[in-house]
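These notes are about the structure you will find just below.
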Amino acid sequence: MAKASGSVRSQCPYCGVGCGLELMPPAQPGRAVSRDAEGTPMWTARGDRQHPSSLGQVCIKGATVGETLGLDRLTHPQYRASLDEPFEPISWEAVFDLLVGRIRSTLASRGPGALAMYGSGQFHTEDYYIAQKFLKGALGTNNFDANSRLCMSSAVAGYSRSLGSDGPPCCYEDLDHCKVVFLIGTNTAECHPVLFQRLLKRKRRQPDSLTIVVVDPRATETSKVADIHLAVTPGSDLALLHGLAHLMLRGNGIDGDFVDEATEGFAAFASLAAEWTPERTARFCGISIAKLRKVARLWSRSDAVLSLWSMGVNQRREGTAVVGGLINLHLLTGQIGKPGAGPFSLTGQPNAMGGREAGGLSHLLPGYRSVTNADHRRELEQAWGFAEGSIQSTPGLTAWQQVEAMEAGELDLWWVAATNPLVSLPNLERVKAAMARCPLVVVNEAYRSTESACYAHLLLPAAQWSEKRGVMTNSERRVTYCPAFRDPPGEARPDWQIWAELARRLGFEKQFSYASSAQVYEEFAALTAGRLCDVSGLSHALLQAEGPQQWPFSVGSTPGAESKRLYTDHCFPTPSGRARFMAEQPRGLAEPPCDVYPLVLTVGRYLGQWHTMTRTAKVQRLQAMHPEPLLEIHPEDAKRFGITDGGLAAINSRRGGVTAIAQVSDRIRPGTVFLPMHWGFSQPQSCEANLLMHQLCCPVSKQPELKAAAVVVAPAVSVVKPLEQERGLLERLPRWFSSSVH
């Protein structure tokens, strides 16, 4: 399909599917100019049929993304010395003077550990990379973490422990070849809709070619098409996986040759699995023995099993262990490194994969390197031109540890970029109090009206996707070039340019003298040579000319001829070259229900909304799909607690309370309730779901258990407004806007 006149191709900036978009400019021959809600000429979007990941498909969020680009934009830097004061305009020159002074003062008085940054899978890889070089190299602090810590860090840790390295071994083409697809901890229909539609179309065309198994406490749009739905008790996933392994081992449904030749740790795992009899597993999980046996037989007898998972697995105290338990099943049956088979983590954000490649967590360095590895640190110090020992040898503060450091008065500067932690982090009242204690909170943001902006001292206008050049990597390791097809509004700048300019002013002129984002990517790509995530053969120019490419893509690789799957030779990047079985006992929920808080709250997403609604709340069609958050509650629980369908309910945990309209439904199992996570205190229908959630985390990945908290519900007399609405904090955000910059 030829491009429309003047159109551009890019990757969608929403979920980790990374669909290709073709974007058409406002002026099209024979068509009226499209305008957004503020009257600004608007780009429109449709699926790019030439993009190999999505083949022209796009969900409603991607199709309407053009409506979000110009609305409510932050156009100039804003500053206030105190949260009680209104924002005032400040020049970029004054911004850099302020930041240089604060950083130099902190380095001299408290050291680099008092500086921290919290980033996002919304970054381009170039933004991620420069942030690592700036914080970990120039400033000497590993205190960079990202909202991938809330999203995919359990998958990172699980892959690394079991297979020797991060990196999903599968590709989207496996959806066309698998005979069994095992969906656990993922409402794929609403969270990764284009991939779900690919499965659904195949199932409708050839119903006997594919068996769909869904593991989820709720009946969702995903489970509607399942051949088998295992509505397990929240927190019982690892026990389920061990119970399946028990049956596979007992029924001789394993690939003994693969286990002998390509794995280690089998004996310890087999001993553990022997404890999880069908009776014990079924009782622990709240499912029937018959369904458990049926799934075990399916997995054992198929030669192409593909497992897909997302937040329902990762956002758990035992998230890393569950990932390991799932990979165990693939190792038992040799279901890895071949078409239609393998453990496939679905990332939540458009460039969460690129962030992992660029070292965008507090324990990582670019190229799937670790800060704890002396050779890795030395390689980066030499490549970056910093003295030996510049990079610290211990991991920096994770996302929640950064909050705790602010609480303790240990941070002088917290820099937030391209994310909205005052909706997405757990235990939100603690986060708000911590931010209020920090002397300087800097927020890089494209939009004016975000919750996190209410707690910022310095707001910096950021050029977003569509206004800067860079690359993103989707869940199947495919790298797409994203062009700048519109001008940034006002004085907005790309994140990487802000940090590079600041680094130069701090004395690192030589290390940060980039003329373009293409140069940034060239430097990053060279550092991946010989690593599992090798993209040394990629460049902006190649991606523009040849289209999206999948890694590994080393120097000399032929475009379009990449290796679609990892570990096809059954050789793994561990010291022994073997994959590892993980043997860990299930621990259940970190905060189980009790007499006072007898229900388990789980949170998730709606199809038409995205993360904290910074973009999607601006689209009328999406708002019409989901005009307000609803509390999903089973009829038995509704009767027990006096909740009526359509009535207002109060939901309380040990950390606070919110109100929401109740939706009484047998889609959810008794004892469990559901809320969407999108609505923050800036929305008129505020329902801060994460205010209820605890911060207890996986000990390996440090990912908070955002999927489960103990709550109690009761009829509500009236809506409880967030304190931010009562105190007028929203009104103190900058409300002026110049349309002349468009």
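Quick check, is G340 touching a residue at least 60 places away in the same chain (Cβ under 8 Å) and in a loop (DSSP other than H, G, I, E, B)?
Against the criterion (touching a residue at least 60 places away in the same chain (Cβ under 8 Å) and in a loop (DSSP other than H, G, I, E, B)), G340 qualifies.
Is at least one residue of the range 239-250 surrounded by fewer than 20 Cβ atoms within 10 Å (Cβ to Cβ), within 20 Å of P343 (Cβ to Cβ) and without any contact (Cβ under 8 Å) to a residue 60 or more places away in the chain?
Within the range 239-250, none of the residues are surrounded by fewer than 20 Cβ atoms within 10 Å (Cβ to Cβ), within 20 Å of P343 (Cβ to Cβ) and without any contact (Cβ under 8 Å) to a residue 60 or more places away in the chain.
Output the residues belonging to the range 75-90 that are of a type outside the set (S, T, Y) and surrounded by fewer than 18 Cβ atoms within 10 Å (Cβ to Cβ).
To start, the set of residues in the range 75-90 that are of a type outside the set (S, T, Y) comprises 76-78, 80-81, 83-90.
Of everything in the range 75-90, those that are of a type outside the set (S, T, Y) and surrounded by fewer than 18 Cβ atoms within 10 Å (Cβ to Cβ) turn out to be R80, A81, L83, D84, E85, P86, E88, P89.
Condition first: farther than 30 Å from P86 by Cβ and either in a strand (DSSP E or B) or among the charged types (D, E, K, R) (or both). Now tell me which residues in the range 459-485 satisfy that.
If the condition is that a residue be farther than 30 Å from P86 by Cβ and either in a strand (DSSP E or B) or among the charged types (D, E, K, R) (or both), then R469, G470, V471, M472, T473, E476, R477, R478, V479, T480, Y481, C482 are the ones that fit.
Give me the residue from the range 141-159 that is part of a loop (DSSP other than H, G, I, E, B) and out of contact with any Ser or Thr (no Cβ under 6 Å at 6 or more places or on another chain) and, out of that set, modelled with the lowest pLDDT.
Residue satisfying both the conditions and the ranking: C151.
Considering the range 571-598 alone, what residues qualify as being within 22 Å of I651 (Cα to Cα) and either crowded, with 17+ Cβ neighbours inside 10 Å or touching a residue at least 12 places away in the same chain (Cβ under 8 Å) (or both)?
L589, A590, E591, P592, P593, C594, V596, Y597, P598
So how many residues does the range 403-458 have that are part of a strand (DSSP E or B) and among the polar types (S, T, N, Q)? Outline the logic, then answer.
Quick first cut of the range 403-458, residues part of a strand (DSSP E or B) only: 413-417, 440-445, 447, 458.
Now drop any that are not among the polar types (S, T, N, Q), which leaves 444.
Matching residues across the range 403-458 total 1.
Any idea which of E126, E173, E93, E190 is out of contact with any Lys or Arg (no Cβ under 9 Å at 6 or more places or on another chain), acidic (D, E) and on the phi < 0 side of the Ramachandran plot?
Going through E126, E173, E93, E190 in turn, just one is out of contact with any Lys or Arg (no Cβ under 9 Å at 6 or more places or on another chain), acidic (D, E) and on the phi < 0 side of the Ramachandran plot: E93.
Give me the pairs, please: first residue somewhere in the range 146-160 and without any contact (Cβ under 8 Å) to a residue 12 or more places away in the chain, second residue anywhere and buried (at least 24 other Cβ atoms within 10 Å of the Cβ), beta-carbon distance under 8 Å, and either six or more positions apart or on two chains.
Hits for this filter: zero, empty list.
Identify the residue in the range 667-686 that is part of a loop (DSSP other than H, G, I, E, B) and within 21 Å of the chain's Cα centre (by Cα) and, among all such residues, is surrounded by the most Cβ atoms within 10 Å (Cβ to Cβ).
G680
Return yes when F96 is within 28 Å of L733 (Cα to Cα), out of contact with any strand residue (DSSP E or B) (no Cβ under 9 Å at 6 or more places or on another chain), at pLDDT 95 or above and in the same structural domain as P483 (by TED's automatic domain parsing) and no when it is not. Reasoning before the result, please.
Values: within 28 Å of L733 (Cα to Cα): yes; out of contact with any strand residue (DSSP E or B) (no Cβ under 9 Å at 6 or more places or on another chain): yes; at pLDDT 95 or above: yes; in the same structural domain as P483 (by TED's automatic domain parsing): yes.
Taking the combined requirement at face value, the residue satisfies it.
Given V259, V194, V232, which one is assigned to a helix (DSSP H, G or I), within 27 Å of T602 (Cα to Cα) and at pLDDT 95 or above?
So the residue among V259, V194, V232 that is assigned to a helix (DSSP H, G or I), within 27 Å of T602 (Cα to Cα) and at pLDDT 95 or above is V194.
Looking for whichever is of a type in the set (S, T, Y), out of contact with any Gly (no Cβ under 9 Å at 6 or more places or on another chain) and on the phi < 0 side of the Ramachandran plot here; the options are S362, S345, S393. Which one fits?
Working: S362 fails: out of contact with any Gly (no Cβ under 9 Å at 6 or more places or on another chain); S345 fails: out of contact with any Gly (no Cβ under 9 Å at 6 or more places or on another chain).
Residue meeting the stated conditions: S393.
Find the strands (runs of 3 or more DSSP E) located wholly in the range 556-666 whose residues include 2 or more that are of a type in the set (V, I, T) and touching a helix residue (DSSP H, G or I) at 6+ places or on another chain (Cβ under 9 Å), and list them.
599-604, 656-664
Given the criteria in the same structural domain as A453 (by TED's automatic domain parsing) and loosely packed, with under 15 Cβ neighbours inside 10 Å, does E38 qualify?
Values: in the same structural domain as A453 (by TED's automatic domain parsing): no; loosely packed, with under 15 Cβ neighbours inside 10 Å: yes.
Against the criterion (in the same structural domain as A453 (by TED's automatic domain parsing) and loosely packed, with under 15 Cβ neighbours inside 10 Å), E38 does not qualify.
Give the residue, chosen from T44, T40, that is among the β-branched types (V, I, T) and modelled with pLDDT of 85 or more.
Going through T44, T40 in turn, just one is among the β-branched types (V, I, T) and modelled with pLDDT of 85 or more: T44.
If you take the residues in the range 707-726 that are loosely packed, with under 12 Cβ neighbours inside 10 Å and in a helix (DSSP H, G or I), which one is modelled with the lowest pLDDT?
My answer is E726.
For the subset of the range 321-362 comprising residues that are over 23 Å from Y14 (Cα atoms) and under 17 Å from the mean Cα position of the chain (by Cα), which member is surrounded by the fewest Cβ atoms within 10 Å (Cβ to Cβ)?
That would be S362.
All but one of (1) at pLDDT 95 or above; (2) under 25 Å from the mean Cα position of the chain (by Cα); (3) more than 30 Å from Q695 (Cα to Cα); (4) surrounded by 22 or more Cβ atoms within 10 Å (Cβ to Cβ) hold for L601; state the number of the condition that does not hold.
For L601, the exception is condition (3).
Six or more apart or on different chains, Cβ atoms under 7 Å: show the pairs whose first residue is in the range 273-296 and touching a residue at least 24 places away in the same chain (Cβ under 8 Å) and over 17 Å from F182 (Cα atoms) and whose second is part of a helix (DSSP H, G or I) and of a type in the set (G, A, S).
A273/A245; W276/A239; W276/G243; P278/G243; T281/A239; T281/G243; F284/A239
So, in the range 527-555, exactly how many residues are assigned to a helix (DSSP H, G or I), among the hydrophobic types (A, V, I, L, M, F, W, C) and without any contact (Cβ under 8 Å) to a residue 40 or more places away in the chain?
Summing the residues that are assigned to a helix (DSSP H, G or I), among the hydrophobic types (A, V, I, L, M, F, W, C) and without any contact (Cβ under 8 Å) to a residue 40 or more places away in the chain in the range 527-555 gives 3.
For (1) in the same structural domain as N143 (by TED's automatic domain parsing); (2) of a type in the set (F, W, Y); (3) in contact with a strand residue (DSSP E or B) (Cβ under 8 Å, 6 or more places away or on another chain); (4) surrounded by fewer than 15 Cβ atoms within 10 Å (Cβ to Cβ), each residue gets a yes or a no:
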| residue | (1), (2), (3), (4) |
| --- | --- |
| E381 | yes, no, no, no |
| G389 | yes, no, no, yes |
| Q402 | yes, no, yes, no |
| G409 | yes, no, no, yes |
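Among (1) within 22 Å of A579 (Cα to Cα); (2) at pLDDT 95 or above, there is one condition D303 misses while meeting the rest; what is its number?
Answer for D303: the failing condition is (2).
Give the residues of the range 453-479 that are hydroxyl-bearing (S, T, Y) and over 18 Å from the mean Cα position of the chain (by Cα), sorted by residue number. Full working, then the answer.
Quick first cut of the range 453-479, residues hydroxyl-bearing (S, T, Y) only: 455, 466, 473, 475.
Residues satisfying the conditions are Y455, S466.
Collect the residues in the range 160-182 that are outside any loop (DSSP other than H, G, I, E, B) and farther than 19 Å from S53 by Cβ, keeping them in residue-number order.
Those that are outside any loop (DSSP other than H, G, I, E, B) and farther than 19 Å from S53 by Cβ: S160, R161, S162, L163, V180, F182.
Consider only pairs whose beta carbons are under 6 Å apart and that are at least six residues apart or on different chains; among these, list those whose first residue lies in the range 473-487 and is closer than 19 Å to P169 by Cα and whose second residue is modelled with pLDDT under 95.
S475/T347
For the range 53-74, how many residues meet the condition of being assigned to a loop (DSSP other than H, G, I, E, B), modelled with pLDDT of 95 or more, out of contact with any Cys (no Cβ under 6 Å at 6 or more places or on another chain) and surrounded by 20 or more Cβ atoms within 10 Å (Cβ to Cβ)?
Count: 5.
The values are calculated or read from the model by the stated rules, or taken from the named source; none is laboratory data. Bear in mind the structure is a predicted one, so any value in this text is a computation, not a measurement. Methodologically, a virtual Cβ is constructed for each residue, glycine included, from the backbone with ideal geometry; neighbour enumeration extends over all protein chains shown.
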